[in-house]
Structure formats: C-alpha cells, structure tokens
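What follows is a set of notes on a single structure, which appears directly below.
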Amino acid sequence: MATGNINVTAENIFPIIKKFLYSDHEIFLRELISNATDATLKLKHLSTLGEAKGDIGNPMIEIKVDKDKKEIRIIDQGVGMTADEVEKYINQVAFSGAEEFVEKYKDADTGIIGHFGLGFYSAFMVAERVEIFTKSFKEDSQAVRWECDGSPQYTLEDTDRLERGTEIVLHVGEDSVEFLDEFKIKGLLSKYNKFMPIPIKFGTKEINDPKHTPKTSKDKDGKETTEPQKMITVDDIINNPNPAWTKQPSELEDKDYKSFYRELYPTQFEEPLFNIHLNVDYPFNLTGILYFPKISKNIDPQKDKIQLYQNQVFVTDNVEGIVPDFLQMLRGVIDSPDIPLNVSRSYLQADGAVKKISSYITRKVADKLASLFKNDRKAFEEKWQDIKIIIEYGMLSEDKFFEKSEKFALYPTINDEYFIWDELIEKIKDNQTDKDGKTVILYASDKNSQHSYIQAAKDKGYEVLLLDSPIVSHLIQKMESSKENVSFVRVDGDHIDNLIKKDDVKISKLSDEEQTNLKTVLESNIPKETYTIQLEAMDSTANPFIITQPEFMRRMKEMQASGGGGMMGMGNFPDMYNLVVNTNNELVSEILNTKTVKKQERLIKQTFDLAKLSQNLLHGEELTAFIKRSYELIK
Ligand code: ADP
Ligand code: MG
C-alpha cells in the first residue's frame, strides 16, 4: 500500500470544485460515463490493431446505485489502468486538468457553456470519497485500488479485482443524496447519455419473451382464451449507441428520420415537415439532423429545442451563437467536437470556427429548401404556410440566406397561387407598372376584412398577394430597398386608382366651387382629428366614400409593434385615416345638392358609416346609431 500527495498548488481545489458550477453538479455522471466510454473505445481500437489480445466480447458500461450504502458505481470493461497509469492519469493528468479548469473559471460566473475539462474530478461535486478499482487490459496486470477523500492525500494499493476494466465508486455526500434516487439517475442518463456509443446498462426490465407466442385455445362453447404472454428479465440498456445522425444519409429512409425524431422528442406527436442531414468533415467536423417542425400558434420555443452533442455526448440545448437565430425554431441534433465549450457566449460568437459552422448550417438549409422547391413544387407550396415564418425571418436577418431565398421564397396570392419573385414581377409588370415606371405590388393581410378593396383591385385585373406574417412589414421594407423600381402597397392604402397611378386623368363632374362647398359641408360632419378628407374624381361606379390608411403610417406602426426597424414612438401614435370622397359618384352630388341641413347631415353620416363598416371601424355606440338610422331610412 502506498499513500501520496497529489501535487497541488491550490490545496483547496476540492471545495472550489464543489462550490463551482453549483447548479451543474449533475454533470459528474456524464463525465464519468464519458471516461468509461473512452476507455472502452480505446480497447476496441487496440483490439482491431491486435494490441489487445483475445476476444474482448461486447463490452458495456453499467451504472449501479445503492441507496442504503450511499454509493453510485460506474463500471466499464475498457482498457483499465495499471498502478503507474493511475499515478499518471488520475493523480497528475486529471488533477492538472481540473486545476487548470478551476483556475481559469473561478472568477467567471456566467456565460460558460458546457463544462468539459473538469473530467474525473467532477466526481467530487457529489462524492465525499471516491474509490477506483481498475485492472489494465495488458497481460498479467495487477489490479489496483485508489482512494481519495477530497483532500490532496490519496491511497494506492494492490487489490484482487479479476475483470479487465474500471469501477468507480462514489461515496455520495450528505448534501448530494438526491443523486441516489433511481429516477434521478435515470433522468440524467436519458438527458446526457441517450446516444452514447457504448451500451449503458442501468438495472433490468421485464419484456415479452420474443421466443414465446401465446397459444389461443377454444373451450367447448367456442370461447377463445389466450394464455398470458411469458415475461423475461433483460438488461435495461438506456441508450441507442447508433443514432441516426451518425449514419450516412444513404443508409436512411424517410421513416428512419421520422422515428429518430420521436426518439429525440418522445412527447412530441406532431410529425416533422422535412429534415436536413448535416455531414461535413472539412474545414470542421460536424454531423447532425435538423428538422423543420410544424409551427403552430401554441409552439413553445423553450421545449424540444435543437440539441448539441460532442461525440454523441449531450452538451446543451442552448445553441445560441452556433445556429443562426432564425433557425433556432428548428429541432434536431448537431454533433461537433470543434465547438469550444468552455468559453463565454460572446467569445463563441466571435470564434472563426463557430462562424463557419453557423454559415454552413445556413447554406445547407437554403440548399435543402431550394431542392425541395425544385423537386416537388406542389408539396413545397403546401408546406409554405408552416415554414414561411422561419424563411422570412431568415431573409431579414441573414444576407446570404436572402440571396439564396430568391429561388424558393414564395409570394402567395389571395387565390392561392404561389409565385417566386421573378415570376411575380413577370406576371404583373405590364399591368401594374405606374406612370413613373414603378411596379406596384398589391397585397392584403386579411381576405375578409379587406374584401371590398381586394375586389376593387381584381376588377382592374390586378394580382393581390396575401401576406399575413407578423414580420411582413419588415420584409416588404427589405424587398423595396433591395429591388429596383418596386413598391408594395396594401389594398386599403388608398383608392385603387391612386395605388397604381396611370396617366389617364379623370375629370370631375363638380366645378371648383362645388368642390369647395362640398369640402366645407363634409368637414363640419367628419371628425378631422382622425380623418383627412380627400376629394377624388373617380369612376362614377366606385364607392362614394372610401376610408384608407396611408401605407407608410400603417407600416411604421406595424414594424414598431413587431419590434425594431420602425420609428420610435409610432406605436403610440393614434390611427389616422383618409376619407376619399368620389366626386363623380351620384350620391356625393346628392349630398352637395340637398337643401335641408338635417337631411344632408343624415346622408353624410349614413355614407360615412357605411365606409367605416367596410373597414371594420364601426363599433359600439356608433354602430347602434347606424342601425337605428338605417331602420328609419327603410321605413
Ligand atoms: P480526460 O477524459 O479529458 O482525459 P479526465 O479527468 O476525465 O480527463 O480523465 C483523465 C484520465 O484518466 C483519462 O484521460 C484516462 O487516461 C484516465 N481515466 C479516467 N477514467 C478512466 C476509465 N474509466 N478507464 C480508464 N482510464 C480512465
Ligand atoms: Mg474525461
């Protein structure tokens, strides 16, 4: 038996380890299972090289919890360690790793992502005493036992362990007894180790005996009875060592991707729309599968997020900085050993490798969307409503994605036709280019409430898009500034002849004097704080009064409401409208020529209310008064 001192400069490193990362004590299990996995993979590798003799069998890792003895055991059948190796790897390497880690991060309280690097000594976050029983794979090795109670002193002695491999025994401290709970451990295993490459056993489970088919027999009345299924007890292997993302896309079918999605998110019942398999090894190493989920209104962005792994070990589901913002609504897995994890978020975002990863992901997603559109346009169009938020957000936030989106970003019309940008411009440019050479794109945000305006546009043979995403005003702004000679206007932004101004001048039936009189009469009946009266000579068949909301004002308000980009303070600005009065409509002449003030007032009110009604602006008391007045008029 030998005792020794771990070579420390900071004698109090253990209390620091314990205190440090207080919220993340649970990672000890991930660290120890990672070591067990490494040791097993090493053995497998040595065996293929012929350096490990004999049949190594199918090594697995086992976790055991003994609540009464307050022990957790992590057992592997990997390479094991000789006494010299324990000295070297545990007393020196592991310790210096832990010390360096603590030195580096003891002052950093926030922003550290994973907590790799602490390694073996993270055992002391939950254990007051740790034992290692280990026997090297090397022939004629002597098994050894190492023990340490968290002080720099340790014990190292021979022992009579028979099996190759390592068993770590954690004597759990009073303040960590929560980790002796079976369900707690099961939860941790499924969080961190669900896809690790070596099978991990935790207890046993009962399953139907696959070799036994229950017999069905009939009694004399013809009633069928089936004998009970035979149950057998098997090891409970908690992980899938070969998850889909570690395979080649050519090995996988659509159903495999779908079943992996369920494996990843067992409580998610909605099927994903499609997936993107990521696979690069130069200039960085990254594999993964991303899924486009169906985005419903009640989606919870905190649930079922993209998971980040390193060599099949779960690290975090916070992929901020690694995956571009607009893709964080996606689901799936990213596995890359090249993402530095012991760094702050801001460092991460500035890191060159991480930037490359982020733009690689953006490019892959854009390419996938382009190929889906190209290969099956109809299916893509059907998915558009579910994916447009992500795509539109991407167009706004990532220039590279914006460029690529030309090939697949869709502009749906109110008749459910879908155009990409070039097709749209081609389709409308003859009919919808105004006298100044600007191509005007008309859009509606709501088919029902803007119905009369849509109809007026259709009567002119114009196309009307249906753009109803919450960020549409930002997107329009972006399109207008990046394309030449186009502008967007919502159909209710003005009277249709003003939205797309053509050269033909309409002549007003009313003389200048009549127009002045009309304006005076109207102004005394229409609240001028909210409505600006605008006389227009239009088709006699067009409505007498039309309420419009100027595009600029409305868009700024919308942009402010949806965050950023808009003008400060616009959100609180009162709604302002134009009241377009068609001087060529007969009813308007009648208003002007009515001699009794009372009758004139009633005509104006009624016409004005009808205009309000078609903009969904007539409510409460005004609506009641309108209905009453209407009854009187039809009497
Ligand atoms: P790292 O895993 O990053 O090397 P650790 O502190 O986790 O750092 O482990 C230090 C070293 O201890 C390992 O590199 C390995 O050589 C040795 N070791 C730890 N656990 C085991 C194990 N279960 N079997 C064999 N060797 C191990
Ligand atoms: Mg380790």
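The values are calculated or read from the model by the stated rules, or taken from the named source; none is laboratory data. Please read all numbers here as calculations on a predicted model, not as lab measurements. A quick note on method: Cβ atoms are made from the backbone with ideal geometry, for glycine too, and the neighbour counts reach across all protein chains shown. To get the accessible areas, we keep the full protein, side chains included, count just its heavy atoms, and leave off ligands, DNA and RNA. Shrake-Rupley method; radii C 1.70, N 1.55, O 1.52, S 1.80 Å.
Expressed to the nearest 5 percent, the antiparallel share of DSSP beta bridges inside the chain is 75 percent. Ordered by solvent-accessible area of protein heavy atoms (1.4 Å probe), largest first, the residues Lys258, Lys294, Lys509 come out as Lys509, Lys294, Lys258.
Between Ser481 and Met231, residue separation times 0.36 nm minus the direct Cα-Cα distance comes to 83.1 nm. Once both axes come from the Cα atoms, what is the angle between helix 551-561 and the longest principal axis of the chain, in degrees from 0 to 90, rounded to 10? Taking Cα atoms only, the helix is inclined about 30 degrees. Heavy-atom accessible area for Ser445, with the other protein chains in place and a 1.4 Å probe, reaches approximately 40 Å².
Scaled against 2.2 N^0.38 Å for its residue count N, the alpha carbon radius of gyration of the range 410-499 is 0.99. Share of carbon and sulfur in the accessible area of the chain stands at 49%, probe radius 1.4 Å. Taking 23 Å as the straight-line reach from the Cα of Lys184, the lysines in range (excluding those fewer than 8 positions away in the same chain) are Lys18, Lys19, Lys64, Lys67, Lys69, Lys70, Lys194, Lys201, Lys205, Lys303, Lys305. Sequentially through the range 194-199, phi angles give Karplus couplings (6.51, -1.76, 1.60; θ = phi - 60°) of 4, 10, 6, x, 10, x Hz, Gly and Pro residues having no value and appearing as x. Surface exposure of the range 143-208, expressed per residue as accessible area with a 1.4 Å probe, stands at 43 Å².
Could you state the angle between the C-alpha long axis of helix 95-105 and the longest principal axis of the C-alpha atoms of the chain, as a value from 0 to 90 degrees rounded to the nearest 10? Compared with the principal axis, the helix lies near 30 degrees.
Rounded to the nearest Hz, the phi-derived 3J(HN,Hα) couplings of the range 80-88 under the Karplus curve 6.51 cos²θ - 1.76 cosθ + 1.60 (θ = phi - 60°) are x, 9, 7, 4, 4, 5, 4, 3, 6, where x marks glycine and proline.
Have a look at the DSSP beta bridges in the range 410-499 and tell me what percent are antiparallel, nearest 5. Taking every DSSP beta bridge within the range 410-499, about 35 percent pair in antiparallel fashion.
Of Lys427/Lys458; Lys429/Lys460; Lys407/Lys438; Lys595/Lys635; Lys435/Lys460, which ones are farther than 19 Å apart at the Cα? Checking Cα-Cα distances, Lys407/Lys438; Lys595/Lys635 exceed 19 Å.
Calculated [222 nm] ellipticity per residue, helices only, for the chain: -10500 deg cm²/dmol; basis is -39500 (n - 2.57) per DSSP H run with n ≥ 4, divided by all residues, nearest 500. Taking the Kirkwood radius as Rh and the Cα radius of gyration as Rg, the chain has a ratio of Rg/Rh equal to 1.17.
About the centre of its Cα atoms, the chain shows a dipole size close to 1660 debye [charges on the beta carbon of Lys, Arg (+1) and Asp, Glu (-1) only; nearest 20 debye]. Taking 7 Å steps out from each Cα toward its Cβ at Glu251 and Glu403 produces label points 3.5 nm apart.
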